[in-house]
Amino acid sequence: MSLLKIENLKVKVENNLILNGINLEVNEGEIHAIMGPNGSGKSTLASVLAGKEGYEIVEGSVWYKGMNLLELPADIRAKEGIFLAFQYPVEIPGVTNANFMKTAVNEIRKYRNLETYDAMEFLNVMKEKAKLVEMDTSFLNRSVNEGFSGGEKKKNEIFQLAMLEPTLAILDETDSGLDIDALRIVANGVNSLRNEHNAFIIITHYQRLLNYIIPDFVHVLNKGKIIQSGDKELALHLEEYGYDWIKQNGIINN
Amino acid sequence: MTQNIQNIGLTEIVARYYDDILESSNSAYMPSIIDIKKKSFNMLIKNGLPTLKNEEWKYTNVQFLNKIPFTFERISYITQKADNLIRSIINKLSQKNYLVFFNGKFLEEYSKIEHENIEIINFKLDSNSLNPLIISSFNKLDNTDSFFSLMNTILVESGIFINVPKNNQIDKPINLINILSSEEKNIITSTRTIINISPNSMLDLIIYNYSDNKSSVLNTAVNDISLNEGAQLNLLLYQNEDKNTITFTKTNVNLEKESNLITDTITFSRGFTRNDLNVNLTGEFSKARFYGLYIGKDKSFIDNHTRVEHKVAKCQSDEFYKGIIDDSSHCVFNGKIIVSQEAQKTNAYQSNKNILLSENGIINTKPQLEIYADDVKCSHGATVGNIEKDAIFYLKSRGIDEFTAKNLLLKAFAIDIINKIHNQDWVGIIESDLVKLLNLKEIN
Ligand SMILES: Nc1ncnc2c1ncn2[C@@H]1O[C@H](COP(=O)(O)OP(=O)(O)O)[C@@H](O)[C@H]1O
Ligand SMILES: [Mg+2]
């Protein structure tokens, strides 16, 4: 079933056209990878989908579960199951990870008319999910991302993903800067969370992560446009040719 | 003395009191006290009520005080309201160790202190013998005295003297609980606290001010604190007063060699508050860490003036004040650091961070540095901003609505200071007052 449908999306940032007619359809159960050179608009697309303010939608539409996504505030999108793992997670001094997740999970559960967790249940769920990303539970009492290493921040994103169990998860360069162990942890997290009812959009600069998370589709983004789509083989070709080649010649013929 | 004095101006009100009490031939005070009060009165008349032209009062307009018909009538019978209030506070303290004051008057029957190794005196200035430390404390008049600290010296009739003898670690905190409440009359109250901590002793002290008034209360407080060699004081000043309360505090701390001051000034008052904190580092290797948090709501005015003077070498001062300014409130932070020529190897840090939540709120923040030594590490910074947009988006992207996200971030901003308070009872009390004050959702 179609989960997300992006049609001819054109977006300006500070009067520059950054997304220039994106078309993309994601169905339940699928994993899509979006690859592209720096500055091609990957993070912009992710932020627009997650509901960040400051973008001017020039043209096009985004449908999510039959709703006009672009009209919903960011928190409602999250409550409806959209999740963005940030390329640069934000530090929030004074708010503990535990408090952050408890607030988020309970807000989402309230929205969905589910009972909120009590403190004990909640702690158990958190401990279990922390294990999934191999984080020591002591991090739960630390301030959100404050003083975390790059790898810890990325693992924390996956921890939050596991806590919130979204329907559509967008991972923005979660693999960048990770060593091989952290990469494996992130990939395991994603693989254990995927099922036939949810979908993932994995934004990455490198093919590396796609050895662990096997995508159904790979799209190449350049200058705000998807210039080519294919299966996982396309990622390997991209790696081989390099982004400079793409920038000069456009699509790869095989 | 009991008649109402109509709109004659505050200076004149003080002058009439002075004439009544001190110029009368049958004054009960000792000559030394009369002398101090006279000197103070002369200074007060000479200076007059400060105006905006005075650098120290540039943002702090006190002329409205001339329009309030204050009376000197004492209201010290305990109302049911005050009784409930005192009991509810006492109930929240896990260590029952407190002195209670009502409209400036010490209430022995409500107070409870279980300390052997400590001297606590409720002194009366009209008694015929006073501890020399009390007299010398009153004698310290200088150019940091304002109209209001002078007024305190002229008007005050009693006070509390706490003396910790040598080599005593007083582990049980002492709570000074000041309740103000007046239903009809515009009253003036004065409190005086003198603390002496002898060498190598330690004290935990909390000064709590709460008020609930239907008429105006003008309250002046002077705290004079001496830390002798190797002494340590943890001091929390927590002000939670209503919109009808006008408070002026002056806290003087003198630090001798290797002594250590840790103090937090938390102001949630909704009326008018001016705090002067003067820290004098007079002995080598002494350290002062003074933090503060102020929340401006409605039409409140909160002014924190701090002044730290490094008089000798190798001392450390660490200052950090945070403020949230909402509604039509007006907050002022003025932090003065003076490093004298002899004070080499000084470490002095100062930071002031503000969140301005409304268009009608005002914050004036100003560091003032006077550095006369050359081997000094000194840093300072002041910021005024809003709640960070990126942080709000991060929280929203996890399903937290904008209102709750802002709540969470505001609370986090303030909690940063609150969590550093040394006393866990008060961390809890202040945190729950904060939630009420900012209309935050209780989030656990
Ligand atoms: N807030 C912004 N203000 C101005 N330009 C921006 C902003 N965000 C992104 N851009 C520009 O948009 C383009 C795409 O950026 P981004 O989406 O971050 O690319 P990618 O994630 O693919 O590296 C870049 O040229 C970048 O400079
Ligand atoms: Mg990016």
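The values are calculated or read from the model by the stated rules, or taken from the named source; none is laboratory data. Note that the coordinates shown come from a computational prediction; the quantities given were computed from them, not determined experimentally. Cβ coordinates were reconstructed from backbone atoms using ideal geometry, including for glycine residues, and neighbour counts include every protein chain displayed. These area figures cover heavy atoms from the full protein model, side chains too; ligands, DNA and RNA do not enter into them. Shrake-Rupley method; radii C 1.70, N 1.55, O 1.52, S 1.80 Å.
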(message) Given a 1.4 angstrom probe, I'd like the percentage of the accessible area of the protein assembly as shown that is carbon and sulfur, rounded to a whole number.
(response) 46 percent
(message) Of all beta bridges DSSP finds with both residues in the protein assembly as shown, what is the antiparallel percent, to the nearest 5?
(response) 20 percent
(request) Whenever you get a sec, line up B:Phe413, B:Phe290, B:Phe64 from highest to lowest accessible area (probe 1.4 Å, protein heavy atoms). (result) B:Phe64, B:Phe413, B:Phe290
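Scaled to the compact-protein estimate 2.2 N^0.38 Å, what is the alpha-carbon radius of gyration of segment B:253-355, rounded to two decimal places? Walk me through the intermediate numbers first.
Values: Rg = 14.7 Å, N = 103, 2.2 N^0.38 = 12.8 Å.
Output field value: 1.15.
Taking only protein heavy atoms into account and a 1.4 Å probe, give the accessible area per residue of the protein assembly as shown in Å².
Values: 28720 Å² over 698 residues.
That works out to 41 Å² for each residue.
Explain nothing, just the number: dipole magnitude of chain B about its Cα centre with +1 on each Lys and Arg Cβ and -1 on each Asp and Glu Cβ, in debye rounded to the nearest 20. Don't jump to the answer; show the numbers that get you there.
On the way: 48 positive and 53 negative charges, 109 e Å.
So the dipole magnitude of chain B works out to roughly 520 debye.
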(request) Name the residue farthest towards the positive end of the dipole of chain B from the options B:Thr11, B:Pro31, B:Leu52, assuming +1 on Cβ of Lys and Arg, -1 on Cβ of Asp and Glu, about the Cα centre. (result) B:Leu52
(request) Please state, to two decimals, what the Cα-based radius of gyration of segment B:89-191 comes to when divided by 2.2 N^0.38 Å (N = residues). (result) 1.21
(request) Please report, in cubic angstrom per residue, the volume enclosed by the convex hull of the alpha-carbon atoms of chain A. (result) 128 Å³
(request) Collect residues whose amide H, placed 1.01 Å from N in the peptide plane, falls under 5 Å from the amide H of B:Leu235; neighbours closer than 5 in sequence don't count. (result) B:Leu205, B:Ile262, B:Thr263, B:Asp264
(request) On each of the three principal axes of the Cα atoms of the protein assembly as shown, give max minus min coordinate, whole Å, ordered largest first. (result) 111, 53, 49
(request) Enumerate the amide H contacts of B:Ser259 below 5 Å, restricted to partners 5 or more residues apart or on another chain; note that Pro and chain-start residues carry no placed amide H. (result) B:Gly230, B:Ala231, B:Ser286, B:Lys287
(message) With angles folded into 0 to 90 degrees, how steeply does helix A:180-193 sit against the dominant principal axis of chain A? Use alpha carbons for both and round to 10.
(response) 80 degrees
(request) Please name which of B:His380, B:Ile174, B:Leu408 has its Cα lying farthest along the dipole of the protein assembly as shown towards the positive end, using unit charges on Cβ (Lys, Arg +1; Asp, Glu -1) and the Cα centre as origin. (result) B:Ile174
(request) Quickly estimate the mean residue ellipticity at 222 nm for chain B, helices only: each DSSP H run with n ≥ 4 gives -39500 (n - 2.57), and the total goes over all residues, rounded to 500. (result) -7000 deg cm²/dmol
(request) Report the dimensions of segment B:342-430 along its three principal axes from the alpha-carbon atoms, largest first, rounded to Å. (result) 57, 34, 25
(request) For each pair in B:Lys166/B:Lys250; B:Lys250/B:Lys366; B:Lys96/B:Lys185; B:Lys243/B:Lys389; B:Lys38/B:Lys250; A:Lys79/A:Lys223, compute the distance between the two Cα atoms and list the pairs where it is over 28 Å. (result) B:Lys96/B:Lys185; B:Lys243/B:Lys389; A:Lys79/A:Lys223
(request) Taking the dipole about the Cα centre of segment A:2-249, with the C-beta of Lys and Arg at +1 and of Asp and Glu at -1, give me whichever of A:Asn249, A:Leu132, A:Ser149 is farthest to the positive side. (result) A:Ser149
(request) Give the interface area between chains A and B as buried accessible surface, both sides summed, probe 1.4 Å, in Å² to the nearest 100. (result) 2000 Å²
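Can you list which of the chymotrypsin sites (Phe, Trp or Tyr not before Pro) found in segment A:131-224 are DSSP loop residues with at most 16 other C-beta atoms within 10 Å? Don't skip to the answer; put the middle values down first.
Numbers: sites: A:Phe139, A:Phe148, A:Phe159, A:Phe200, A:Tyr206, A:Tyr212, A:Phe217; in loops: A:Phe148, A:Tyr206, A:Tyr212.
Listed in order of number, the matching sites are A:Tyr206, A:Tyr212.
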(message) Quick query: amide H of B:Val332 versus all other amide H atoms, modeled in the peptide plane; which residues come in under 5 Å with a sequence gap of 5 or more or a different chain?
(response) B:Ile302, B:Asp303, B:Asn304, B:Asn364
(message) Let me check I have the definition right: for segment B:181-254, take the eigenvalues of the Cα gyration tensor, multiply each by 5, take square roots. What are those semi-axes in whole Å, largest first?
(response) 31, 11, 8
(request) Compute from the Cα atoms of segment B:2-283 the Rg and the Dmax, the latter being the longest Cα-Cα distance, and quote both in angstrom. (result) 18.3, 53
(request) Please state the charge dipole magnitude for the protein assembly as shown, taken about the Cα centre, from unit charges on C-beta atoms (+1 on K and R, -1 on D and E), reported in debye and rounded to the nearest 20. (result) 880 debye
(request) Report the accessible area of B:Lys81, computed with a 1.4 Å probe over the heavy atoms of all protein chains in place, in Å² rounded to the nearest 10. (result) 60 Å²
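Take the eigenvalues of the Cα gyration tensor for segment B:40-98, scale each by 5, and report the square roots as semi-axes in whole Å, largest first.
37, 18, 13
Just need the Rg to Rh number for segment B:390-444, please, alpha carbons only, Kirkwood Rh. Don't skip to the end; give the middle numbers.
Values: Rg = 12.2 Å, Rh = 11.9 Å.
Over the Cα atoms of segment B:390-444, Rg/Rh equals 1.03.
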